[in-house]
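Novice: Below you'll find the structure I mean.
Each value in this text was obtained by applying a stated rule to the coordinates, not by laboratory testing. Not measured: the values here are computed from a predicted model. In this analysis, Cβ positions are derived from the backbone assuming ideal geometry, glycine residues included, and neighbour counts consider all displayed protein chains.
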Ligand code: GLC
Ligand code: CA
């Protein structure tokens, strides 16, 4: 795991990154074109969302063929070229493995539908209850029941996500063998990283039972058998190679399970994504609501994960953004008034934590949520389902759109903003998803010429490589009850690193514990000009600063 600690991973959403043939969809050639840009940023690995053959009902997380590149992204030869060219720049590639479900267009599902017993056993198919109702009362994570009629057999197949995403039956050893074969195929191609989609929901019980409402997730999440299968997958695929980086996407998981997944001694994964810190602007746990974020909860959750994973020798993925999340700048800061301060404060807060930082495309130039007012401007199935339920629940169009605008997954899936031309330099055609209006002033060209966010990211990445205290120091949260400042200390040997981040848009005065101000302090990095460390500190709007103490 040592090879992991000073690395920074860049997530790019292929569909929205860079289109080179004018069809409005980003492509592999487009990624190759921008490798210099990524090299300049200084990242070590690129995680790409799925580019396999897919009907795109869930933007590629619904896979028809795990062995083929979807022609809309390019060809296998182009992918091989990308792997090769990236390697020449010391950039590694991480592929997205969606192994909990396939698209219903996958050959396995089609053969199952056609009556082949062998393939029926690849999925989770159950009869209706005696009273004719669905096999269980479970709900799909994208809305509606989690069961759909399996052809005209009178039975139902399980889909925890979209109706076109049928859950695989991991209890069947044949299925597991096929899935490990897929991972091995991509290892052979030269992938050195894997992100495993919703990996902690693969372990459904043999006998499925109704939920009582709030226990539903626990019926299929983090079941003990998941750890056995992840260990098996490790043994049978990536574990046989040196220095492969793996990350599991863990839906609603716990620190306890996070440790089990990522403690190197257990031979499961390098690290995990957990999402609790990105639910602090949900009202009563409900995503499709409009409430300010709870800062103390945010701190408490990140502290719990930092301290907890450290204690159990686990390892966190550190991130604010991805293709499923609204832009953190819009969520936790003020990108209108303080675009630079907001972006750099959020970046520094997580880049100096213990774990592996991820940068999501556009974050390094301060991209924000777009301002789309009509539901037809959104493509994501989850957003459309949510809009419908919000309207059914009595919300007006405006009320519903206020929520969609803040929470839709498309807020981060919009095209990358390369320059100020029409369609932001992303495509010469019609983009598959609208470009944000602010691309005229938030874009790569402008940022590289005169911006301060991109250079700040470069610096944070460099610091992690230069300073073992950042890559490898211990973590301790301080000032946990402070209502405006996020503060922690990293420590290695005789050195301490004190990080202070202010999450609000006014000046804020607070008192630091004396142990920090009596030490010899050296300003290391901050998004305002250099300041001294004093017991009585005042932080400016969205200020972040780090001091080295000896
Ligand atoms: C993960 C992906 C998301 C997808 C879902 C179902 O959460 O990140 O985009 O919709 O899994 O595959
Ligand atoms: Ca294209």
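Novice: State the Cα centre-to-centre distance between region 303-327 and region 434-465 in whole Å.
Specialist: Each part reduced to its Cα centre gives a spacing of 24 Å.
Novice: Relative to the longest principal Cα axis of the chain, at what angle does helix 295-311 sit, 0 to 90 degrees, rounded to 10?
Specialist: 80
Novice: Could you tell me how far the Cα centroid of region 80-138 sits from the Cα centroid of region 23-63, in Å?
Specialist: If we compute the Cα centre of each part, the gap is 21 Å.
Novice: Cα gyration tensor of region 1-148, axes a ≥ b ≥ c as square roots of the eigenvalues: rounded (a/c below 1.5), prolate (a/b > b/c) or oblate?
Specialist: prolate
Novice: Another question, if that's okay. Just to verify a number: FRET efficiency for residue 530 and residue 137, C-beta to C-beta distance, R0 = 60 Å, to 0.05?
Specialist: E between residue 530 and residue 137, to the nearest 0.05, is 0.50.
Novice: How would you order 47-53, 142-148 from highest to lowest mean count of nearby Cβ atoms within 10 Å?
Specialist: The packing order, highest mean first, is 47-53, 142-148.
Novice: Oh, and also: Out of all DSSP beta bridges in the chain, what portion is antiparallel? Express it as a percent rounded to 5.
Specialist: Bridges in the chain that DSSP calls antiparallel: roughly 65 percent.
Novice: Hey, another quick one. For residue 480 and residue 35 in the same chain, what is the full-extension length gain: residue separation times 0.36 nm, less their Cα-Cα distance, in nm?
Specialist: Result for the pair: 156.2 nm of gain on full extension.
Novice: Let me ask something else. Okay, helix-only estimate at 222 nm for the chain: each DSSP H run of n ≥ 4 adds -39500 (n - 2.57), divide by all residues, round to 500 deg cm²/dmol; what do you get?
Specialist: The helix-only estimate for the chain comes to -8500 deg cm²/dmol at 222 nm.
Novice: If one takes the longest principal axis of the Cα atoms in the chain, at what angle in degrees, from 0 to 90 and to the nearest 10, does the Cα axis of helix 224-236 lie?
Specialist: Between helix and principal axis, roughly 90 degrees.
Novice: At what distance in angstrom do the alpha carbon centres of region 182-229 and region 241-270 lie from each other?
Specialist: Centre-to-centre (Cα) distance: 12 Å.
Novice: What is the diffusion coefficient of region 470-549 in µm²/s, taking the Kirkwood radius over Cα pairs and the Stokes-Einstein relation at 37 °C with a viscosity of 0.692 mPa s?
Specialist: Here the translational diffusion coefficient equals 257 µm²/s.
Novice: What is the fewest-to-most order of 241, 502 by other Cβ atoms lying within 10 Å of their Cβ?
Specialist: If I rank by nearby Cβ atoms, fewest first, I get 241, 502.
Novice: Measuring from a point 7 Å past the Cα of residue 75 along Cα-to-C-beta, which residues in region 1-40 have an amide N at less than 20 Å?
Specialist: So the set is 19-34.
Novice: Rg and Dmax in Å for the chain, alpha carbons only: what are they?
Specialist: Rg, Dmax (Cα atoms, Å): 23.3, 75.
Novice: Given R₀ = 41 Å, what would the calculated FRET efficiency be for residue 254 paired with residue 68, taking r from the Cβ atoms and rounding to 0.05?
Specialist: Rounded to the nearest 0.05, the efficiency is 0.65.
Novice: Treat each spin label as a single point 7 Å out from the Cα along the C-beta direction, and report the residue 228 to residue 211 distance in nm.
Specialist: 2.4
Novice: For residue 171 and residue 241 in the same chain, what is the full-extension length gain: residue separation times 0.36 nm, less their Cα-Cα distance, in nm?
Specialist: Gain on extension, residue 171 to residue 241, equals 22.6 nm.
Novice: Shape verdict for region 107-167, please, from the Cα gyration tensor: rounded (a/c under 1.5), prolate (a/b greater than b/c) or oblate.
Specialist: Since a/c reaches 1.5 but b/c is at least a/b, the shape of region 107-167 is classed as oblate.
Novice: Within region 456-478, name every residue whose backbone N is under 19 Å away from a label modeled 7 Å from Cα of residue 304 along the Cβ vector.
Specialist: Counting only backbone N, you get 475-478.
Novice: Right, another one. Using the Cα atoms of region 370-520 to build a convex hull, what is its mean projected area in square nanometres?
Specialist: 13.9
Novice: So, one more: Hey, what angle do you get for helix 381-392 against the long axis of the chain, alpha-carbon based, 0 to 90 degrees rounded to 10?
Specialist: Approximately 90 degrees, to the nearest 10.
Novice: I would also like to ask the following. Using square roots of five times the C-alpha gyration tensor eigenvalues, list the equivalent-ellipsoid semi-axes of region 284-400 in whole Å, biggest first.
Specialist: Semi-axes from the Cα gyration tensor: 29, 18, 14 Å.
Novice: Next up: If I stretch the segment between residue 465 and residue 337 completely, what's the gain in nm (0.36 nm per residue apart, minus their alpha carbon distance), one decimal?
Specialist: The span from residue 465 to residue 337 would gain 42.9 nm if fully extended.
Novice: Sort 274, 252 so that the residue with the fewest other Cβ atoms within 10 Å of its own Cβ comes first and the one with the most comes last.
Specialist: With the sparsest Cβ surroundings first, the list reads 252, 274.
Novice: Determine, for 211, 270, the number of other Cβ atoms within 10 Å of each Cβ, and report the residues in order from fewest to most.
Specialist: Going from least to most buried by this count: 211, 270.
Novice: Using 1/(1 + (r/R0)^6) with R0 = 25 angstrom and r between the beta carbons of residue 155 and residue 389, what's the FRET efficiency to the nearest 0.05?
Specialist: After rounding, the FRET efficiency stands at 0.35.
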